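Single-structure report; data block below.
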Amino acid sequence: MQKLNLKNGDVISGAGLAALGTYIIIQAVIWPYYDMNGPGPGFFPLWYGILMVTLSLWLVINAARKPATETEPVFTVGVTRALLVWAGFAVSLALMGVIGFSASFTLFTMFIVSYALGRPLLTGFLTGAISSAAFYVVFWVVLGVQLPTGYVGF
């Protein structure tokens with residue numbers, strides 16, 4: 001019988017996500033699931049929690065069954081890159097009040113596409129500009145939700 005690899009990062013993160021999903025389910029059953037107008041406020045969180053627990057347990061089981069490797073370094077290129085993306089997200093949020101949503105989101109998307117994915121800067125700019133324009137059309141034009149404009153005005 002094979003020994004389970006419980007020190008795998010996927011096992012640990014999957015267990016944490018399963019715990020979070022369980023908490024979401026517990027909180028969701030307090031709210032009404034369905035009322036006379038249709039699905040209630042507990043409908044989406046309940047199914048989201050169930051899906052979250054199911055997928056995270058699947059991750060835990062699959063990761064635990066894999067054989068343990070020698071030693072995996074804690075800080076690899078992927079972890080460093082992920083932390084830099086989170087830092088870029090924080091900078092993007094800080095810039096949103098100054099330069100507005102559209103410019104901030106474009107810069108953030110450029111950073112992700114160019115740095116994290118290693119694509120050319122032009123590809124990052126086009127992806128950011130198109131994504132920002134799509135957000136503007138969906139939220140501002142179609143739904144009438146005002147996005148942060150900042151001092152620049154857009």
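The values are calculated or read from the model by the stated rules, or taken from the named source; none is laboratory data. Here the structure is a predicted model, which is why all the values come from computation and not from measurement. Here the Cβ is made from the backbone with ideal geometry for all residues, glycine too, and neighbour counts use every protein chain on show.
I'm trying to understand the selection: among the residues of the stretch 14-45, which are of a type in the set (S, T, N, Q) and touching a residue at least 12 places away in the same chain (Cβ under 8 Å)? Spell out the reasoning first.
If we filter the stretch 14-45 for residues that are of a type in the set (S, T, N, Q), which is where we start, we get 22, 27, 37.
Selection gives Thr22, Gln27.
Of the residues Val53, Val79, Val91, which is at pLDDT below 90 and of a type in the set (Val, Ile, Thr)?
Working: Val53 fails: at pLDDT below 90; Val91 fails: at pLDDT below 90.
Criteria check complete, one pass: Val79.
Anything in the stretch 118-137 that is surrounded by fewer than 15 Cβ atoms within 10 Å (Cβ to Cβ) and small (Gly, Ala, Ser)? List them, or say none.
Scanning the stretch 118-137 gives Gly118, Ala133, Ala134.
Which of the residues that make up the stretch 138-154 are surrounded by 14 or more Cβ atoms within 10 Å (Cβ to Cβ) and in a helix (DSSP H, G or I)?
Correct list: Phe139, Trp140.
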